[in-house]
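*Asks:* Provided herewith is a single structure, encoded as structure tokens, for subsequent inquiry.
The values are calculated or read from the model by the stated rules, or taken from the named source; none is laboratory data. Computed from a prediction, not measured in an experiment: that's the story for all the values here. We place every Cβ from the backbone using ideal geometry, glycine too, and count neighbours over all the protein chains shown.
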Amino acid sequence: MRVQSLAVLVCAGLFAAIAHAQTEIVWWHSMGGALGEQLNALASKFNDSQKDYKVVPVFKGTYPESMTAAIAAFRAGNAPHILQVFEVGTATMMAAKGAIVPVAKVMGDAKEPFDAKAYLPTVSGYYTDTKGNMLSFPFNSSTVMFYINHDAFKKAGLAPQAPKTWKDFQAAAEKLKAAGQQCVYTTSWPSWTHIENFSAWHNVPIGTKQNGMGGFDTEFTINSPLHVRHVTMLGELAKKGLFTYAGRTNQGDGKFASGECAMVTASAGAQATFRKNPKLDWSINFLPYHDDVKGAPQNSIIGGASLWVMGGKKPQEYKGVSKFFAFLSLPEVQKEWHVGTGYVPITLAAYELTRESGFYEKNPGADMPVKQLTYKPPTPNSKGLRFGNFVQGREVIEEELEAVFAGRKDAKAALDEAVKRGNEILRKFEAAAAR
Amino acid sequence: MVENRPGLTILSHAVLLLGVAVIAFPLYVTFVASTLTLEQILTVPMPLVPGDHLVDNYRQVLTAGSTRGSQAAVATMLGNSLVMAFGIALGKIAISIIASFAIVYFRFPLRNFFFWMIFVTLMLPVEVRIIPTFQVASDLHLLNSYVGLTLPLIASATATFLFRQFFLTVPDELAEAARIDGAGPMRFFRDVLLPLSKTSIAALFVIQFIYGWNQYLWPLLVTSDESMYTAVIGIKRMIVGSDAANEWPLIMATAMLAMLPPAVVVLAMQKWFVKGLVETEK
Amino acid sequence: MEKRVVFRSAWLPYALLAPQIAVTLVFFFWPAVQAIWFSFQLQDAFGLRTEFVGLRNFQALFGDSRYLASFRTTAVFSVAVAFFGIAISLALAAMADRVVRGALAYRTLLIWPYAVAPAVAGVLWAFIFAPSIGIVTYMLRRWGIDWNWILRGDQAMLLVVIASVWKQISYNFLFFLAGLQSIPRSLIEAAAIDGAGPARRFWTVVFPLLSPTTFFLLVVNIVYAFFDTFGVIDATTQGGPAQDTQILVYKVYYDGVKAADLGGSSAQSVILMCIVIVLTALQFRFVERKVQY
């Protein structure tokens, strides 16, 4: 009798344990430092809000490192559930049918309410297929902004207002140099700023087939007369000492934050770095444009990363993923992420909520990124881009740009070469993917 | 020196002192930088005399890493490097010395085949097969583990060759005497060969400890958990941006700490190290 | 050379060899075979679709001007590292051989860079030569030299060569010193009696006698420049600017890890394997004459 009741107790205990057994959802990401803390806070909040699922975030190194690790893990059969992949890896992930499950499918299968229209079109457009199905979940998106140092401007006798056109920009640059400014202008992420966003901002294509969204047989078009003219301008600025090249990633941020450079084009996320220097008097502005181009300015495109769902997992786990994504889409959650990191809110509701809270009044300019992304309804040229192996593609573009900035090549030769080499990379991807 | 030429002697000393100065220059700058604050470094030119933030900087990195880049505590990283270096050095010595003993002191079928198999690994430095080796480690669930850090680097031919060369110089009479005494091969190995090999083992230990401590590409791929970073990788992961964005005092403090243990090993075991390196690599 | 006296056992030698052979099989041969296999395949990043394409990856490599440029970059880099590493350490060793007092102190002070990891050496020199805050950059600017290795490829190459040579000087120095000290004094004295000054003596007697050491170090330094300098490049220039410092081994890593191009990366690995085989064969054939098989 005692044995029986003991057995019943044990069984009941086990059953209760199983019933409350949390399904673990492993999330590999590449956000270190302060951003990583914010990300961990998000996961903890989700875990605290319900008992069935537990999201476990794991920092896996930089974006390329975590992607390599995920690929190896997938081949070994132990991939994570959610993987944060940078935007240039979108085409690679998209082509890996079987390795990934589109977000639309995950949400649909789990019968989780999901309204694709609630998301900002420029943000979601980057990660949806041509039929409008969302493939990955936009998580941390930013865009390129134009920052100026007010003290430097005042010292040069200029009003602390950002030039709106590239013509005005050149005039301001000359005045700044004449006033003794050592570094007048620098940039971060040269390809993302001066080729990709430049094209979208002026409503010209980066590549055929809607910048690659329409098919793998796309080709680059970044050697058009307008592109050549713009890169030639950059080369001239470099030669005159008005443009100081800082490197391929966000090295320009530090140069502006320290006060060394008077103007910079950098990610919206750089605001966090600039705010750390209390002596810096700066403002965030729209990108300059060429005012003789019809249709400019149009809208800028995003950068950053999205969350992909890996294949081969159990339905119960996918249900947890769908609940987590629904949680991430809540306006309050989005607002906190946006306010804390500087990344743009991904839903209109979150944007409205942030505005209503008065955040933008207390922090003027914090809504500029969203404004620039939604300046006009996106066209096929400005929804985003999707090029295979674009990690290599972007490197090719940056190499050719560096040759122009160093005065070794003229813009036309460099951009023609970038198109030629870039297309080779695209064809290789097409051959491997389209089968 | 054949004739007495004081001028040439002075020149020799001058050249040597210049050489020592140039060699030591980066170390000195690094040390000074690790005692300053970031503002002092960012004001060009940075001072060339040590500052007063030595304790602060070292305490910061040992406990909490940097603040802008990796936040892994350097103390943990030093521990990981220590485990890796010791693991590789001792592991390599252990499996190579017995393998070498087998090759030299036994006759058995496939002996030459196994010897060439080991020899061929000289042609395969890890950088050349890095992606497939990473895949194998991933398949065996060895990522982010001490085993994963050390095991794949343990089998290499250099140690085996070194022992082989040394064993070949051991007089045959010793082995014969052991046979006559009725001692088995393992007794011979333990009582005769091992004590004789002490110098070679010491030299190899220094070389392999340095090799293991300074590994870069393999730990870079195999570890992504901050708790498993080695000291050398940790330095790299602290460099997150451009000149002004890096926390140079902390990076330099970490570099000093990362250089310390191998330097101590080299300088303390200098005699064996030099002897072993020169006599055995040839 | 074989041992005259051996032991006999049916199973012991295999047991003794087992650990080394096991690790060698699992972590050397299996990945190497895979690298060769992958080099003949075209596959997407996840390995979901693979297609056997024969030598197409290799053809693509040799038709890619960037890959061929990488050969040139590696050649320039390794020759520079080997030449300067050998020349500087030979000079230091010759001087150290001359002085009687303080030889041990000099040796101690010159060998400690051996303990420094190449990646750390790269970070130290990159800090000293940093375009905005480096102390040497400051001095160069005072003398009117514009130093910015982020944009100028030749300066980036100079930086990685300096860092790599600095680290390798101790190793070369030790070998040269040992080589110099093993030259019989009688030969040098004979030349002195014939009236040759120190410089003549060095170039006509000492240097030729050092040639085995020099050749050995040449091969070792080239192999070092090919592979061990990966840390220097990754910690400083990452192959840039514009691939000006992208040596072959770095390209293997970059294409395999950052660009997820397994076919191309594996093909490059196979080509590198062939180069290593040639270099190692050279080393053993011409240098290790004492060891016979």
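*Asks:* Determine whether C:Phe127 is without any contact (Cβ under 8 Å) to a residue 12 or more places away in the chain, buried (at least 23 other Cβ atoms within 10 Å of the Cβ) and either part of a helix (DSSP H, G or I) or polar (S, T, N, Q) (or both). Don't jump to the end; show me each part of the working.
*Replies:* Numbers: without any contact (Cβ under 8 Å) to a residue 12 or more places away in the chain: yes; buried (at least 23 other Cβ atoms within 10 Å of the Cβ): yes; either part of a helix (DSSP H, G or I) or polar (S, T, N, Q) (or both): yes.
So C:Phe127 fits the description; yes.
*Asks:* Which of the residues belonging to the range C:156-203 are surrounded by fewer than 24 Cβ atoms within 10 Å (Cβ to Cβ), in a helix (DSSP H, G or I) and of a type in the set (D, E, K, R)?
*Replies:* Scanning the range C:156-203 gives C:Arg185, C:Glu189, C:Arg200, C:Arg201.
*Asks:* Considering (1) in contact with a helix residue (DSSP H, G or I) (Cβ under 7 Å, 6 or more places away or on another chain); (2) farther than 16 Å from A:Arg386 by Cβ; (3) part of a helix (DSSP H, G or I), say which one A:Gly89 fails and leave the rest.
*Replies:* All conditions pass for A:Gly89, except number (2).
*Asks:* Please report, ordered by residue number, the helices (runs of 4 or more DSSP H) entirely within the range B:133-233 with at least 2 residues that are more than 12 Å from chain C (Cβ to nearest Cβ). Explain how you work it out, then say what you get.
*Replies:* On the way: elements: B:146-150, B:157-169, B:172-180, B:185-188, B:198-213, B:217-222.
Answer list for the range B:133-233: B:146-150, B:198-213.
*Asks:* Could you give every pair whose Cβ atoms fall below 7 Å, whose first residue belongs to the range B:189-203 and is more than 15 Å from B:Glu176 (Cβ to Cβ), and whose second residue is modelled with pLDDT under 85 and hydroxyl-bearing (Ser, Thr, Tyr), counting only separations of at least 6 or pairs across chains?
*Replies:* What qualifies is B:Ser200/B:Thr280; B:Ala203/B:Thr280.
*Asks:* Checking B:Phe108 against (1) crowded, with 19+ Cβ neighbours inside 10 Å; (2) within 30 Å of C:Ala22 (Cβ to Cβ), which test does it fail?
*Replies:* All conditions are met except number (1).
*Asks:* When the range B:17-53 is examined, which residues are found to be in contact with a His (Cβ under 9 Å, 6 or more places away or on another chain) and outside any helix (DSSP H, G or I)? Spell out how you get there, then give the answer.
*Replies:* Of the range B:17-53, the ones in contact with a His (Cβ under 9 Å, 6 or more places away or on another chain) are B:34-37, B:40.
Listed by number, the residues that qualify are B:Ser34, B:Thr35, B:Leu36, B:Thr37.
*Asks:* Just give me the residues in the range C:95-120 being more than 8 Å from chain B (Cβ to nearest Cβ) and in a helix (DSSP H, G or I), in sequence order.
*Replies:* C:Asp97, C:Ala103, C:Leu104, C:Ala105
*Asks:* If I filter the range B:1-39 down to residues being within 15 Å of B:Ala253 (Cα to Cα) and not hydroxyl-bearing (Ser, Thr, Tyr), which single residue comes out as nearest to the chain's Cα centre (by Cα)?
*Replies:* Step by step, filter the range B:1-39, then rank; the result is B:Leu27.
*Asks:* Hey, another quick one. So, B:Thr158, is that one more than 21 Å from B:Val74 (Cβ to Cβ) and among the β-branched types (Val, Ile, Thr) or not?
*Replies:* Working: more than 21 Å from B:Val74 (Cβ to Cβ): yes; among the β-branched types (Val, Ile, Thr): yes.
For B:Thr158, the condition - more than 21 Å from B:Val74 (Cβ to Cβ) and among the β-branched types (Val, Ile, Thr) - is met.
*Asks:* Among (1) buried (at least 20 other Cβ atoms within 10 Å of the Cβ); (2) under 24 Å from the mean Cα position of the chain (by Cα); (3) in a helix (DSSP H, G or I), there is one condition B:Ala72 misses while meeting the rest; what is its number?
*Replies:* Among (1) buried (at least 20 other Cβ atoms within 10 Å of the Cβ); (2) under 24 Å from the mean Cα position of the chain (by Cα); (3) in a helix (DSSP H, G or I), the lone unmet condition for B:Ala72 is (3).
*Asks:* Considering only the range A:237-262, how many residues are in a helix (DSSP H, G or I) and either of a type in the set (D, E, K, R) or within 17 Å of A:Glu399 (Cβ to Cβ) (or both)? Spell out how you get there, then give the answer.
*Replies:* In the first step, residues of the range A:237-262 are kept if they are in a helix (DSSP H, G or I); the result is A:237-239, A:251-257.
Next, from what is left, pick out any that are either of a type in the set (D, E, K, R) or within 17 Å of A:Glu399 (Cβ to Cβ) (or both): A:238-239, A:251, A:253, A:255.
Of the residues in the range A:237-262, 5 are in a helix (DSSP H, G or I) and either of a type in the set (D, E, K, R) or within 17 Å of A:Glu399 (Cβ to Cβ) (or both).
*Asks:* At least 2 residues that are within 13 Å of chain C (Cβ to nearest Cβ), surrounded by 21 or more Cβ atoms within 10 Å (Cβ to Cβ) and modelled with pLDDT of 90 or more in each: list the helices (runs of 4 or more DSSP H) lying fully within the range A:353-435 that qualify. Talk me through it step by step, then tell me what you get.
*Replies:* On the way: elements: A:359-362, A:368-373, A:390-405, A:411-433.
The helices (runs of 4 or more DSSP H) meeting that bar are A:390-405, A:411-433.
*Asks:* I need the strands (runs of 3 or more DSSP E) fully contained in the range A:117-187, keeping only those with at least 1 residues that are more than 24 Å from A:Lys239 (Cβ to Cβ).
*Replies:* Details: elements: A:137-142, A:144-149, A:183-187.
Those strands (runs of 3 or more DSSP E) span A:137-142, A:144-149.
*Asks:* Here's another thing I want to ask about it. Which residue is nearest to C:Cys274 (Cα to Cα), if the candidates are limited to the range C:38-60 and must be free of Cβ contacts under 8 Å to residues at least 40 places away in the same chain and part of a helix (DSSP H, G or I)?
*Replies:* Among residues in the range C:38-60 that are free of Cβ contacts under 8 Å to residues at least 40 places away in the same chain and part of a helix (DSSP H, G or I), the one nearest to C:Cys274 (Cα to Cα) is C:Gln59.
*Asks:* Among all residue pairs at least 6 apart or on different chains, which show Cβ distances below 7 Å where the first residue, located in the range B:117-146, is more than 26 Å from C:Thr280 (Cα to Cα) and the second is surrounded by fewer than 20 Cβ atoms within 10 Å (Cβ to Cβ) and at pLDDT below 85?
*Replies:* B:Gln135/A:Arg75; B:Ser138/A:Ala76; B:Asp139/A:Ala76; B:Asn144/B:Asp225
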